[in-house]
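Trainee: What follows is a single structure, and I will ask about it in a moment.
Laboratory data are not the source of any read-out in this text; all were calculated from the coordinates shown. The shown structure was predicted, so the numbers you read here are calculated from the model rather than taken from an experiment. Methodologically, a virtual Cβ is constructed for each residue, glycine included, from the backbone with ideal geometry; neighbour enumeration extends over all protein chains shown.
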Amino acid sequence: MANRDEISATIDIEAPPERVWELVSDPAQMPRWSPQCRKMIVRGKGPIGVGTTTININRRGPLFWPTRSKIKEFVPGKRFAFKIAENGTVWSYDLEPTATGTRLTESRHAPDGVSAVSNLLTSKVLGGTDNFENELEAGIRQTLERIKAAAEGGGPGKA
């Protein structure tokens, strides 16, 4: 089956956007939130922003695989987005102030589809596109719950 153009979920967090931004805008902290990301290594020195690149280690069960990403948008308190080099997808975090805190949306966009190589590997190694994208959707919801718990002071997220 074809890749979904977008996979996303939204959660309301009782914490100000500045606090939520602090948690989502640091790539090195991504393993605290994501059930699939095990490491996100920021390359280079200096502040994180548009153009910053990372090397990522992902895991699903016994399988590990690396990816590379580049930050495409970095609007403090509002939007953080990075593009995965290997498959062309864009992951984003959008923050919106609410009366009680922040509405946070995490999305995986495939504006140009997903690369043929990535789809082949997903089909042969990860159980197919539908299965993998359903897992990504569940992972996004889990990620948002972990960020919410940390932002609201209920816990640090995954160790």
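Trainee: As an exercise, take the mean of 1/r over every pair of distinct alpha carbons in region 16-159, invert it, and state the Kirkwood radius in angstroms.
Mentor: Computed over region 16-159, the radius equals 15.7 Å.
Trainee: Over its Cα atoms, what ratio of radius of gyration to 2.2 N^0.38 Å does region 22-96 give?
Mentor: 1.05
Trainee: How far, in nm, would the chain grow between residue 96 and residue 117 when pulled straight, counting 0.36 nm per residue and subtracting the alpha carbon separation?
Mentor: 4.0 nm
Trainee: On to the next question. With a cap of 16 neighbouring Cβ atoms within 10 Å, and only residues DSSP puts in a loop, list the trypsin sites (Lys or Arg not before Pro) found in region 1-48.
Mentor: Passing sites in region 1-48 are 45.
Trainee: Okay, moving on. Structure shown: which of 39/78; 72/148; 45/124 lie over 28 Å apart, alpha-carbon to alpha-carbon?
Mentor: The pairs that break the limit, which is 28 Å between Cα atoms, are 45/124.
Trainee: Also, I was wondering about something else. List the relative contact order of region 1-142 as a percent without decimals, with contacts defined as Cα pairs under 8 Å and 6+ residues apart.
Mentor: 29 percent
Trainee: Now a separate question. Once every Cα of region 58-122 carries one equal point scatterer and solvent is ignored, give the base-10 log of I(q)/I(0) from the Debye formula at q = 0.11, 0.22 Å⁻¹, two decimals.
Mentor: -0.35, -0.95
Trainee: Could you give log10 I(q)/I(0) at q = 0.13, 0.16, 0.18, 0.20 Å⁻¹ for region 1-54, computed by the Debye formula over C-alpha point scatterers of equal weight, without solvent?
Mentor: Values, matching the q order: -0.48, -0.69, -0.84, -0.96.
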